[in-house]
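The values are calculated or read from the model by the stated rules, or taken from the named source; none is laboratory data. Keep in mind it's a predicted model, so treat the numbers as computed, not measured. Here the Cβ positions follow ideal geometry from the backbone for every residue, glycine too, while neighbour counts run over all protein chains shown. Protein only, heavy atoms only, side chains kept; ligands, DNA and RNA dropped before computing areas. Shrake-Rupley method; radii C 1.70, N 1.55, O 1.52, S 1.80 Å.
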Amino acid sequence: MPLLYDMALLMLLYATGQGLTHAQAMVGTAGVSATEFQPHAAGVFHTVLAGLFDAESARVVDEADYATEVSTISTNQLAVGHIIRTSRELGLPTDWLAPVQAGLDRAVREGHAADNPAA
């Protein structure tokens, strides 16, 4: 079990790190330094993203209770689509986002558009 935990936590680390690096590159195209952007990224991480690590978020997964009125799969599908489009316009790679978009697209096709992305 410890090895599985290690792999899962490394996955979380790499996904978060890749997202931060991409965000820094996005604002960098407008001449904003990573140092200048960092407080904004940290603010989102400590407020919005912290909610992903609370007991309620874990309960949703454990109980497969995916009903939500905020941040639905369709909302996230649109957001990731905008990120991909903007990134391409900025000349940034989007290949690492393609599987995310594909998973959201599949979930919408399968009738989960109104569900929590944890579905």
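So which residues in the range 1-46 are under 18 Å from residue 85 (Cα atoms) and of a type in the set (Gly, Ala, Ser), if there are any at all?
Hits for the range 1-46 are 19, 23, 25, 28, 30.
When the range 27-81 is examined, which residues are found to be under 16 Å from the mean Cα position of the chain (by Cα), without any contact (Cβ under 8 Å) to a residue 12 or more places away in the chain and over 19 Å from residue 16 (Cα atoms)?
If the condition is that a residue be under 16 Å from the mean Cα position of the chain (by Cα), without any contact (Cβ under 8 Å) to a residue 12 or more places away in the chain and over 19 Å from residue 16 (Cα atoms), then 70, 75, 78 are the ones that fit.
Return the residues of the range 101-119 that are among the acidic types (Asp, Glu), outside any loop (DSSP other than H, G, I, E, B) and farther than 19 Å from residue 62 by Cα; say none if nothing qualifies.
105
Considering each residue of the range 101-116, count those that are open to solvent by less than 60 Å² (accessible area, probe 1.4 Å) and either among the hydrophobic types (A, V, I, L, M, F, W, C) or in contact (Cβ under 8 Å) with a residue 12 or more places away in the chain (or both), and give that number.
The number of residues fulfilling the criteria is 9.
If residue 23 meets every condition in (1) touching a helix residue (DSSP H, G or I) at 6+ places or on another chain (Cβ under 9 Å); (2) farther than 20 Å from residue 97 by Cβ; (3) assigned to a helix (DSSP H, G or I); (4) of a type in the set (A, V, I, L, M, F, W, C) apart from one, which number is that one?
(2)
Those residues that are β-branched (Val, Ile, Thr), open to solvent by less than 40 Å² (accessible area, probe 1.4 Å), closer than 23 Å to residue 25 by Cα and part of a helix (DSSP H, G or I), I need them from the range 47-100; list them, please.
80, 84 - these are the residues of the range 47-100 that are β-branched (Val, Ile, Thr), open to solvent by less than 40 Å² (accessible area, probe 1.4 Å), closer than 23 Å to residue 25 by Cα and part of a helix (DSSP H, G or I).
Looking at the range 1-18, I want the residues that are free of Cβ contacts under 8 Å to residues at least 40 places away in the same chain and among the acidic types (Asp, Glu) and have a partner that is open to solvent by less than 70 Å² (accessible area, probe 1.4 Å) and in a helix (DSSP H, G or I) with Cβ atoms under 9 Å, at least 6 apart or on another chain. Which pairs are those?
none
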